[in-house]
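Some notes on the structure that comes next.
The values are calculated or read from the model by the stated rules, or taken from the named source; none is laboratory data. The structure displayed is predicted, hence computed values, not measured ones. Please note: Cβ atoms are built from the backbone with ideal geometry, for glycine as well, and neighbour counts cover all protein chains shown. For the accessible areas, the whole protein counts, side chains as well, though only heavy atoms, and no ligand, DNA or RNA atoms are used. Shrake-Rupley method; radii C 1.70, N 1.55, O 1.52, S 1.80 Å.
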Amino acid sequence: MRNKRGDALLSVIIAMSVVGILGVLICSVAYSNFNMKYINKTAKDNFYTAESVLDDVCAKLEEKASKRYVDAYETVVENYGLYAQDGKQDEMSKDLIINFIVNLSEELCPNNLLASYSFEEMGVIDAVDHSFFNQSNYPAGSVITIDSVIRNNNPEFKLEMFGPQNNDDLGKKDAGVILRNVSVTYEYNGYVNNIVTDIRVTAPVVNFTQISAAPDISNFAYVAQSGVNIFSNSKLILQGQAYSGPLTITGGSSAGYMTSFDATSDKTQLLIVNGDIALNNFASFKTGPRVQLWAENITTEKINTGEYPELVNDVIELAGNSYIADDISLNGIYNHLKLSGKYFGYGTGDARTSSAIVINGLHSTIDMSDLQALVLGGTGYISTPKDGGNDQPDVITGESIAVKGNQIAYMLPLECLGGFSNPMSDREYEQLKSDPDWKTKAVNTRIKSIGGSLAYYFNYTADNITEVFKTGIHNDKQVYVFIKFNNTSDAASYFMTVYGNRSETSAKIKQYLDSYLETIKFAPTADTRLITNGNFLTQTDGEKRQYNKVNATPGGYSSELTNYAHEYGKYKTDFDINRIIRTDRVSGVNLEKTVNGVTLVIKDGSYEVTHDGRGVIISTGDVTVKNGADWQGLIICSGKLNVINNLGSVLSSDAKIVDKALSIETGLTGKPYGYNFFKESENYGIGEAGNSNNITDIRQCIGFENYISQ
């Protein structure tokens with residue numbers, strides 16, 4: 001028995017030992033696996049952090065390269081008349097490449113002044129200015145260095161130029177500059193990641209088949225220098241490209257008779273408005289999915305809706321890619337805004353150039369459910385009338401999708417005013433001012449909704465309090481006291497704190513939100529490109545609408561937004577009528593000639609289209625399209641294009657008809673054909689105009705070489 005008891009004890013000990021060993025092994029494997037995952041995660045985090053720094057370096061480089069490209073292009077264009085006719089386009093292309101590389105090299109290497117330049121002397125030219133790699137905005141622990149590139153035993157040279165040995169090959173072979181051995185190192189908790197790469201900037205190649213004075217307009221339906229007016233109950237259908245000054249759509253008599261501008265045709269791919277698009281009561285503006293729209297602002301006006309207040313008033317529907325320099329402002333009642341495709345509000349400046357979507361009118365509806373990209377470079381501002389001799393700047397807010405009722409969030413809370421109301425009467429304001437330190441006391445007073453004072457949270461002083469003076473309906477003066485935020489970041493943070501608590505102000509904001517916005521459909525997904533400078537609104541079917549914190553600020557995309565601004569400016573310059581038409585040759589001419597159903601009109605003054613036609617109209621005054629007349633071809637006028645009808649007019653482009661019209665003999669001395677009224681008239685004619693192959697997106701010109709990550 002004793003032996004059996006010993007056997008049993010031994011078996012238990014052996015079993016426990018095996019289990020213990022297995023437990024230790026399992027724990028060891030688990031711990032090793034945990035360590036490997038932690039190391040892998042840390043290594044990935046370090047890599048992506050280092051790569052984000054490198055992306056920021058490229059963004060700064062893109063911004064500089066973009067500006068230098070614009071400078072180089074404008075220099076070549078300004079000297080257009082100095083080039084010999086033979087080989088003009090090739091020489092211009094070469095000069096643009098050389099100017100771009102010289103300008104960019106001198107920007108990156110300010111101590112290196114190039115008196116002349118030859119691609120036969122390739123190599124490193126100078127040390128890069130290290131202030132270009134400002135580390136102040138990079139994550140803690142990141143280090144930016146540019147290793148010395150040794151050429152001719154000189155370690156100071158760090159920027160290298162490349163290109164063909166023969167200048168005649170410029171444009172056929174790549175040329176540009178290379179930042180050699182750019183090194184980004186990121187260290188965190190003992191883990192180090194290092195990326196070393198060359199950054200190559202290739203000069204853009206521009207094919208100047210037709211230059212500045214004669215932009216490609218063969219596929220344009222109209223070029224209206226002073227703008228387009230669509231009058232009450234009229235309809236303009238655009239089928240082709242178009243350029244104009246401000247576009248005004250004067251309202252119809254009711255929702256059933258809306259004045260409209262329709263650019264939904266697949267034939268319309270470019271619509272440029274040099275100014276605002278304004279809808280005035282029962283008006284409609286629509287673009288199609290292929291349209292690239294450029295404009296300053298899009299606004300609806302605050303006009304009485306008359307006998308149909310329950311119906312939709314103004315309608316804005318933008319598909320395709322829309323590039324707006326400033327705001328979309330819904331100022332009317334029952335306005336409807338639908339955005340699909342991609343929307344780029346690229347303005348990042350002050351109140352006049354800060355892109356946002358602003359809702360100032362009641363009962364608006366917004367549908368952004370099909371939006372692929374939303375970029376809003378600015379926020380809304382509270383305008384400040386300059387009464388009483390005061391000259392205060394507009395008040396910054398923190399919303400990129402801003403509702404008028406939100407303004408109360410930025411008014412100085414009552415607890416900071418010592419018992420005075422806000423707004424207050426003139427008399428109250430004079431009493432408030434009797435204390436010279438009232439502003440200092442205000443910023444140091446605890447605000448309930450944020451749990452502290454403005455001085456505590458934002459380090460604000462008396463200078464951060466501003467008054468706004470307004471005149472009431474009975475000519476009585478009222479004074480509003482606002483917080484003057486130093487930047488949109490402070491304003492956005494303050495708003496979200498006030499909006500998110502259960503204060504009386506928060507309740508009022510939400511109440512106003514329901515009054516100004518009937519619905520807003522916007523629920524961005526992981527595939528939606530969303531960049532806003534301020535807070536934004538979201539709402540899905542059946543869900544409560546809510547404000548969301550700033551998503552991704554435009555700071556890291558400044559070069560992209562700058563490119564949009566440059567491109568819009570270039571359009572406005574290129575399509576100025578004085579760069580298209582020889583107005584001196586139009587002076588005194590009154591010609592209308594039809595050959596084989598195609599008409600050429602040259603008119604020094606205004607002209608009316610009263611029936612359907614085909615051809616080209618050139619007018620130094622206004623062109624008015626009446627009675628539902630259609631025009632196929634091209635209309636160019638120094639004045640305005642007016643549409644007055646009750647039927648609907650179709651303005652469509654046709655390059656072949658334009659060519660036929662410009663080939664009509666005029667019988668005029670010194671200008672025997674229609675195309676002789678155009679600048680650089682030898683470039684006009686079917687198959688010639690508009691063959692340029694310009695690469696203006698600098699992002700396509702910047703890339704990495706010899707990329708190593710360790």
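Of the trypsin sites (Lys or Arg not before Pro) in region 415-468, the ones in a loop by DSSP (not H, G, I, E or B) with at most 16 other beta carbons within 10 Å are ARG446, LYS448. Legend: distances between Cα atoms for LYS626/LYS656; LYS603/LYS626; LYS235/LYS593; LYS570/LYS656; pairs beyond 21 Å are LYS626/LYS656; LYS235/LYS593; LYS570/LYS656.
Rolling a 1.4 Å probe across all protein chains gives TYR494 an accessible area of roughly 10 Å².
From most to least packed by mean Cβ count within 10 Å, the peptides 329-336, 594-601, 362-369 give 329-336, 362-369, 594-601. Once all protein chains are placed together, SER587 keeps about 70 Å² accessible to a 1.4 angstrom probe. Within the shell defined by Cβ-Cβ distances under 13 Å, the residues around GLY380 carry a net charge of -3, with Lys and Arg each +1 and Asp and Glu each -1. Normalised by the number of residues in region 431-508, the average gap of Cα pairs under 8 Å and 6 or more apart makes the relative contact order 21 percent.
In a shell of Cβ-Cβ distance under 15 Å around LEU432, excluding LEU432 itself, what net charge do Lys and Arg (+1) and Asp and Glu (-1) give? Provide the component values of the computation, followed by the final result.
Working: positive: ARG427, LYS433, LYS439, LYS441, LYS477; negative: GLU415, ASP426, GLU428, GLU430, ASP435, ASP437, GLU467.
Counting the neighbours of LEU432, the net charge comes to -2.
Counting only other residues whose beta carbon sits under 11 Å from that of LEU337, what net charge do I get with K and R as +1, D and E as -1? Local charge sum for LEU337: -1.
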